Amino acid sequence: MPKIVDAEARRQEVVQAVFRIIASDGLERASLREVADEAGLAVGSVRHYFASSDDLLVFSFGAVIDRIAGRLESAMTAVEAERQGSSAQQAAVLNLLGQFLPLDEELAVDACVWMAFRHAARIKPVLAAEAERSHRAVAAVVGRLIMLLSPQEAEAQQTLVAEAERLLATMDGLCMHALLQPEWMTAEMCSDVLTAHLRSLAGAPASS
């Protein structure tokens, strides 16, 4: 009797192969043939689930977005559960922002893949919709965080938007530096930068 293949599990195996290829060799190498070889499958088996390289890339982009967005939502729930201004909330905020950064092997792969797809979307229209979804998902969490951390006498909406964009830019920059210069931009250095940024959000001096 032939073995029944779990279609969703097989798709995830293929996606993990895409992630490994992008993390080690870049998105340009993630063709159906290369991915099939990495996953230990025949090209025909991969085509059974993905009709083209574009289909595979769009699905894989969506998968990494879902992974990152899921972690962010979970971490944001933890932030909102803590008492405003408490040390526990500060730790939860740092944990939330750490989900953007390559602070361990899993996060590093996801960050590398996410960055690669976002950059590729600039010249690959097929990735544009997922790139927009990625931005909206992350911006929504960051916006909630800014509203939570801003002083009660909160500034105008325009200022809140500017602070959200400033935090997004900080996270993007840290992620890129940590991927490209891991010897310098260590987890400790990332934490120091984030702590200084959070103090500035609260209106406190960047250093004590």
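The values are calculated or read from the model by the stated rules, or taken from the named source; none is laboratory data. The shown structure was predicted, so the numbers you read here are calculated from the model rather than taken from an experiment. Note: ideal-geometry Cβ built from the backbone for every residue, glycine included; neighbour counts use all protein chains shown.
A few comments on the model shown:
- Enumeration of residues in segment 31-41 that are touching an Asp or Glu at 6+ places or on another chain (Cβ under 9 Å) and either surrounded by fewer than 14 Cβ atoms within 10 Å (Cβ to Cβ) or within 26 Å of Gln99 (Cα to Cα) (or both): Gly40
- Residues that are of a type in the set (Lys, Arg) and over 25 Å from the mean Cα position of the chain (by Cα) were ranked within segment 42-94; the one that is surrounded by the fewest Cβ atoms within 10 Å (Cβ to Cβ) is Arg83.
- When we screen Arg136, Arg144, Arg71, Arg122 for residues that are part of a loop (DSSP other than H, G, I, E, B), out of contact with any Lys or Arg (no Cβ under 6 Å at 6 or more places or on another chain) and not assigned by TED's automatic domain parsing to the domain that holds Gln16, the only hit is Arg122.
- Taking (1) more than 27 Å from Ile123 (Cα to Cα); (2) assigned by TED's automatic domain parsing to the domain that holds Leu107 in turn, Arg10 satisfies each apart from (2).
- For Ala78, the test of being of a type outside the set (S, T, N, Q) and either assigned by TED's automatic domain parsing to the domain that holds Val113 or touching a His at 6+ places or on another chain (Cβ under 7 Å) (or both) is passed.
- Single condition Arg67 does not satisfy, out of (1) more than 19 Å from Gln12 (Cα to Cα); (2) among the charged types (D, E, K, R); (3) touching a residue at least 40 places away in the same chain (Cβ under 8 Å): (1)
- Residue within segment 114-122 that is in contact with a Cys (Cβ under 8 Å, 6 or more places away or on another chain), within 27 Å of Pro182 (Cα to Cα) and buried (at least 17 other Cβ atoms within 10 Å of the Cβ) present: yes
- Restricting segment 98-113 to residues that are in contact (Cβ under 8 Å) with a residue 40 or more places away in the chain and assigned to a loop (DSSP other than H, G, I, E, B), the residue that is surrounded by the fewest Cβ atoms within 10 Å (Cβ to Cβ): Leu103
- The one condition in (1) of a type in the set (Lys, Arg); (2) over 17 Å from Ala75 (Cα atoms); (3) surrounded by 13 or more Cβ atoms within 10 Å (Cβ to Cβ) that Arg144 fails to fulfil: (2)
- In segment 152-175, the condition of being at pLDDT 90 or above, farther than 22 Å from Thr195 by Cβ and either assigned to a loop (DSSP other than H, G, I, E, B) or not basic (Lys, Arg) (or both) is met by no residue.
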